[in-house]
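Colleague: One structure follows; several queries about it will come next.
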Amino acid sequence: MNTSFDILPIEKWFEPFLEKPVIIAGPCSAESEAQVLSTAHEISKNKKVSIFRSGIWKPRTRPKSFEGVGEKGLAWLQKVKKETGLLTATEVATPKHIELCIKNEIDVLWIGARTCSNPFSVQELANAAEGADLAIFIKNPINPDLELWIGAIERFAAKGIKKIGAIHRGFFPFEKTPFRNIPKWEIFIELKRRFPNLPILNDPSHISGSKKYIKEISQKALDLAADGLMIETHFNPEQALSDKEQQIKPKELSDLLSKLTFRKSDIQSIDFTNQLEQFREQIDSIDLQMLELLSQRMKIVENIGKYKCENDVTILQLRRWEKIISSRMETGKNLGLSEEFILKLLQLVHKESIQKQVEIMKNDNFNKSKIKIY
């Protein structure tokens with residue numbers, strides 16, 4: 001995304017101004033007018049919530065699942081806005097959806113994970129949104145592809161959409177995890193690093209897949225300077241027609257928001273800034289020393305590679321690798337480091353060491369036909 005695109009701060013999207021962190025809440029799906037209005041009225045009692053969300057069209061995996069009530073649900077969202085004063089939000093997946101939302105004065109639209117994964121669909125939606133005064137969030141794609149996510153954001157920004165943001169809802173896990181979708185916080189952080197002015201919300205409901213993890217995910221997102229949260233809330237989640245396990249009741253939402261710690265993202269105190277800067281200088285110094293030591297290590301690795309090559313010895317020496325893991329793990333644990341971190345660090349360094357020795361073997365013409373790399 002070109003950083004020259006004019007993205008409006010989320011606080012200025014609407015009048016009166018939104019307050020950060022922005023809280024969006026509401027049911028996964030609009031199921032009936034009574035369900036939507038009952039939930040909205042309960043949610044509106046909490047002044048931290050500014051936007052009511054509800055899925056009108058639901059892209060489901062199986063065709064016989066509940067796929068939303070369709071266009072008639074937009075009238076229910078209009079009533080929500082009129083009766084509660086909450087702004088309204090829903091998911092769109094086709095240009096026709098955008099057209100109907102504009103007609104029914106829906107305030108916020110979001111592009112779902114499945115749709116975001118298809119650049120053709122995203123471009124059609126961006127074309128349909130051009131010229132409209134819309135607020136649009138783009139959820140991350142199903143797979144952890146940061147460039148694909150950024151590309152979807154670019155397509156809307158290129159059409160002049162100024163009220164544009166992202167929603168981090170996690171990524172489909174191929175392995176079994178406690179969560180429905182793995183957060184992969186490093187992708188969230190990298191998006192913020194590249195585009196610090198882009199509003200990014202977190203969707204703890206879809207990451208969790210179960211309401212028991214929502215607080216944990218919400219707090220971590222806020223601690224990482226998320227601009228807000230989108231939390232699925234239903235007045236009777238046990239009877240919900242979709243995603244009942246991850247929806248909470250309005251009372252539970254209020255309890256959750258009251259227990260979260262909302263930290264300051266702007267540093268104003270001079271004393272605090274000075275102390276923080278001292279800590280950061282210490283980290284900078286240690287990081288430089290780490291890089292210097294790694295550079296020295298890799299030079300020794302190159303010498304080892306040359307020596308192995310001269311003596312027709314394979315690169316991988318399993319006993320040595322096992323000894324390294326065992327001794328470093330023990331030392332690291334004694335220093336207060338987690339086993340998972342130590343193992344990942346050792347594997348990363350070992351991978352680079354192997355690669356350097358591979359290059360040495362390749363470049364040695366005399367031994368090229370003799371060396372087998374395992």
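The values are calculated or read from the model by the stated rules, or taken from the named source; none is laboratory data. Please read all numbers here as calculations on a predicted model, not as lab measurements. Note that each Cβ is placed from the backbone with ideal geometry, even for glycine, and that neighbours are counted across all protein chains shown.
Colleague: Taking the conditions exactly as written (assigned by TED's automatic domain parsing to the domain that holds D223, buried (at least 17 other Cβ atoms within 10 Å of the Cβ) and more than 25 Å from F262 (Cα to Cα)), does I150 satisfy them or not? First the steps, then the outcome.
Modeller: Values: assigned by TED's automatic domain parsing to the domain that holds D223: yes; buried (at least 17 other Cβ atoms within 10 Å of the Cβ): yes; more than 25 Å from F262 (Cα to Cα): yes.
When the stated conditions are applied, I150 passes them.
Colleague: Just to be sure before I move on: is E190 assigned by TED's automatic domain parsing to the domain that holds P59, crowded, with 16+ Cβ neighbours inside 10 Å and acidic (D, E) in the structure I sent?
Modeller: Numbers: assigned by TED's automatic domain parsing to the domain that holds P59: yes; crowded, with 16+ Cβ neighbours inside 10 Å: no; acidic (D, E): yes.
Spelling it out, it is not the case that E190 is assigned by TED's automatic domain parsing to the domain that holds P59, crowded, with 16+ Cβ neighbours inside 10 Å and acidic (D, E).
Colleague: Please find, within the range 310-355, the residue that is farthest from M298 (Cα to Cα) out of those that are in contact with a Lys or Arg (Cβ under 8 Å, 6 or more places away or on another chain) and loosely packed, with under 13 Cβ neighbours inside 10 Å.
Modeller: Checking each candidate, the answer is E339.
Colleague: Looking only at the range 64-107, which residues are β-branched (V, I, T), farther than 17 Å from D133 by Cβ and in contact with a strand residue (DSSP E or B) (Cβ under 9 Å, 6 or more places away or on another chain)? Write out each step before concluding.
Modeller: Filtering the range 64-107 down to residues β-branched (V, I, T) leaves 69, 80, 84, 88, 90, 92, 94, 98, 102, 106.
Right, trim to farther than 17 Å from D133 by Cβ and you get 69, 80, 84, 94.
V69, V80, T84 - these are the residues of the range 64-107 that are β-branched (V, I, T), farther than 17 Å from D133 by Cβ and in contact with a strand residue (DSSP E or B) (Cβ under 9 Å, 6 or more places away or on another chain).
Colleague: If you check I217 against the conditions, is it over 18 Å from I43 (Cβ atoms) and part of a strand (DSSP E or B)? Give the steps one after another, and end with the answer.
Modeller: Working: over 18 Å from I43 (Cβ atoms): yes; part of a strand (DSSP E or B): no.
Considered against the rule, which asks whether it is over 18 Å from I43 (Cβ atoms) and part of a strand (DSSP E or B), I217 comes out as no.
Colleague: Okay, next question. Checking M230 against (1) outside any strand (DSSP E or B); (2) within 14 Å of the chain's Cα centre (by Cα), only one condition comes out false. Which one?
Modeller: The single condition M230 does not satisfy is (1).
Colleague: Among the listed residues R180, R169, which satisfies the condition of being at pLDDT 95 or above, at negative phi, in contact with a Ser or Thr (Cβ under 9 Å, 6 or more places away or on another chain) and charged (D, E, K, R)?
Modeller: Among R180, R169, only R169 is at pLDDT 95 or above, at negative phi, in contact with a Ser or Thr (Cβ under 9 Å, 6 or more places away or on another chain) and charged (D, E, K, R).
Colleague: Related question: Does G68 meet the test of being surrounded by 16 or more Cβ atoms within 10 Å (Cβ to Cβ), in contact (Cβ under 8 Å) with a residue 12 or more places away in the chain, in contact with a Gly (Cβ under 7 Å, 6 or more places away or on another chain) and within 26 Å of T94 (Cβ to Cβ)?
Modeller: Numbers: surrounded by 16 or more Cβ atoms within 10 Å (Cβ to Cβ): yes; in contact (Cβ under 8 Å) with a residue 12 or more places away in the chain: yes; in contact with a Gly (Cβ under 7 Å, 6 or more places away or on another chain): yes; within 26 Å of T94 (Cβ to Cβ): yes.
When the stated conditions are applied, G68 passes them.
Colleague: All but one of (1) assigned to a strand (DSSP E or B); (2) among the hydrophobic types (A, V, I, L, M, F, W, C); (3) at pLDDT below 95 hold for L18; which doesn't?
Modeller: Exception for L18: condition (1).
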